[in-house]
Every structure is written in C-alpha cells, then in structure tokens.
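Before any comments, here is the structure.
The values are calculated or read from the model by the stated rules, or taken from the named source; none is laboratory data. These numbers were taken from a predicted model, which means no experiment stands behind them. Please note: Cβ atoms are built from the backbone with ideal geometry, for glycine as well, and neighbour counts cover all protein chains shown. For accessibility, only protein heavy atoms count, side chains too; no ligands or nucleic acids. Shrake-Rupley method; radii C 1.70, N 1.55, O 1.52, S 1.80 Å.
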Amino acid sequence: MAKWDLAIGLIFLTQTTVGILGNFSLLCHYIILSFTEYRWRSTDFIHKHLIGANFLALVCKGVPQTMAAFGRKHFLSDIGCKLLLFLHRVGRGVSIGSICTLSVYQAITIRPGNSRWAELKVKAPKYIVPSIFLCWVLQMLVNIIFPIYLTSTLNDKNITDKKDFGYCSSVRHDKTSDSLYGLLLSFPDVLCLGLMLWASSSMVFLLYRHKQRVQHIRGTNASSRTSPESRATKTILLLVSTFVYFYTLSSIFQLVMSLFDNPSLILVNVAAVVSVCFPTVSPFLLMSDNSKVPKVPRLCFAWRRNIRPPCLMKNM
C-alpha cells in the first residue's frame with residue numbers, strides 16, 4: 001500500500017469515526033431527555049433530522065471511501081453502489097434543507113412581537129414538520145436519476161469510457177445532459193443557500209440593533225450576559241457559516257471534477273473528504289450551545305411523578 005493511500009485511508013477513518021461518535025452523542029442527549037420532563041422545543045425536531053441526514057452522509061460516503069483507500073475497491077455490486085451514493089445525496093440534501101429551515105425559523109422567532117412578522121412568528125412552529133418532510137421527499141425525487149449512470153467497479157473490464165471514483169464509476173455521456181442535470185440538482189441547494197444568507201444577514205442585523213439599544217438604555221456593561229435567544233442565534237449563525245464554507249468548497253471540487261473525463265484519484269479523495277466535513281463538525285457545534293443541548297451530567301431525572309426536579313424548572 002502506498003503512503004498516500006495509507007494517509008488518505010487514516011483521514012477517512014478518523015473523520016468517519018469522529019463524525020459518527022459526535023452525532024451518536026448528540027442523539028444520546030435527546031434519548032436521555034426523553035426520560036425527563038424536558039420541554040421539547042420546535043428546533044429539536046430539526047436537530048433530530050439533521051442527525052439522521054448526517055448519519056446517511058457519513059456512513060454512505062465515509063465508510064466505502066475508507067475501504068477503497070485501504071485497497072478494498074471491489075466490494076460493492078451495482079445495486080450497492082447506486083444505493084449508497086443515492087442515500088449520500090439524499091442525506092446531503094436533507095442536511096442543507098434542515099439548516100435552511102433552522103436558520104429561517106430562528107430569524108422569524110427572534111423578531112419583536114409587535115413587528116409585521118408577529119402573525120408568522122406564532123404560526124412558524126406549525127410549519128417545521130411539513131418543511132422537514134418536504135425536504136426528504138424533494139431530495140428523493142431530485143436524486144432518483146443520479147444512480148442511473150453509476151456502476152460498480154467489481155465487474156468493470158473496460159473503463160476507458162467511464163470515470164473512476166474508487167469503489168464506483170460513472171458512464172461518460174453528453175456534456176449538455178450533464179449541465180442540465182447539474183442545474184436540476186443545484187436548484188434546491190441554491191434556493192436553500194439564498195434563504196440561509198437572507199436569514200443569517202437579518203439575524204446579524206437584529207442582534208446588532210438589539211445590542212445597540214441595550215447599551216444605550218442600560219450602559220455598556222449591561223450586555224455582558226447574553227440571553228438564551230442570542231446564544232441560540234449565534235450558534236445557528238456559526239452552523240450556517242460553517243455549512244456555507246464547506247458546501248462552497250465541495251461544490252468547487254465537484255465542478256473541477258466534472259471538467260475532467262478521468263479525474264485523478266487524489267482529486268476524488270480530497271473532494272470526498274471535504275463533502276463529509278460538515279456532518280462531522282455540525283454535532284459538536286450544536287453541543288457547544290448549552291442552552292440548546294444540556295450536558296449529560298447536568299440532567300436530572302423525574303424519579304417521582306409529583307416532584308419536578310429543580311434543574312428542569314429552568315427549561316419550562
């Protein structure tokens with residue numbers, strides 16, 4: 001095994017392991033909270049689906065890429081290759097849809113109650129569940145054509161007319177068809193990115209204006225303690241900015257790969273590493289906000305039905 005293959009294999013293995021453990025830890029928080037009197041928030045539903053999308057992206061991309069980097073390239077059938085890449089695309093799409101829904105929802109809820117958004121602010125929690133399920137259905141429909149041109153490398157004898165991606169390969173076809181299908185795949189992502197940028201800019205503006213008002217009324221030292229809404233908003237802004245960074249970087253690599261008839265294995269591996277960076281990092285960003293995801297040692301269980309733990313009174 002070459003040194004480069006060993007290095008990229010260790011990177012894939014570390015990235016996949018850390019990502020799965022991080023998402024599993026976040027999932028454990030919600031499992032533990034289900035045994036308490038914790039008052040579930042509307043954003044918790046989005047977080048759960050984001051965890052599911054992260055698992056799909058990590059398992060369906062990180063695991064086969066790790067095996068391919070360590071020399072096990074011919075281990076998937078055509079159906080397995082198509083299914084894994086389809087699920088990875090769906091997980092990636094639901095991830096961007098979840099972040100978009102989360103940022104738009106937070107941008108609406110932090111607005112003042114006497115603004116023109118007051119009516120939508122009351123109805124916003126009702127739209128979360130249908131919005132997330134719409135993301136799943138839309139991504140399944142958009143990506144259903146994606147696996148058609150993919151084949152396994154298990155039985156490939158003539159790879160001169162195919163692009164090799166390690167454990168899978170794709171048939172080269174007309175550039176016009178590639179461009180049209182690329183626009184179809186990119187449209188939901190571009191729409192979500194536009195909504196995220198709008199929501200993020202509006203949240204930054206509202207936080208800045210609120211900070212200026214507080215400093216003007218109470219003095220400069222009054223804003224040293226941030227509210228839970230401000231902490232949650234800052235966490236979402238960090239989540240959105242991280243996603244936009246990795247998504248943009250991944251899109252650049254995908255564009256470069258599409259320009260080559262047979263991209264190099266180094267380019268393929270680097271693009272794969274970048275594509276699973278956000279599912280690896282996002283659970284740690286969410287767990288960094290103590291107001292949204294309480295730490296396990298701080299949780300209290302309701303051992304008696306008629307007694308409410310003091311630590312859970314703060315969540316009410």
For the subset of region 20-38 comprising residues that are open to solvent by 50 Å² or more (accessible area, probe 1.4 Å) and under 20 Å from Ile132 (Cβ atoms), which member is modelled with the highest pLDDT? Leu27
Subset of region 239-250, residues open to solvent by 40 Å² or more (accessible area, probe 1.4 Å) and hydroxyl-bearing (Ser, Thr, Tyr), comes to Ser241, Tyr245, Thr248
Looking at Thr109, is it in contact with a helix residue (DSSP H, G or I) (Cβ under 9 Å, 6 or more places away or on another chain) and closer than 30 Å to Lys3 by Cβ? no
Would region 169-184 turn up any residue that is among the acidic types (Asp, Glu), more than 28 Å from Ile8 (Cβ to Cβ) and modelled with pLDDT of 70 or more? no
Residues of region 73-83 being open to solvent by 10 Å² or more (accessible area, probe 1.4 Å) and in contact (Cβ under 8 Å) with a residue 60 or more places away in the chain, in sequence order, are Lys73, His74, Phe75, Leu76, Ser77, Asp78, Gly80, Lys82, Leu83
Pull up region 254-293, narrow it to residues that are among the aromatic types (Phe, Trp, Tyr) and modelled with pLDDT of 80 or more, then point me to the one that is least open to solvent (accessible area, probe 1.4 Å). Phe278
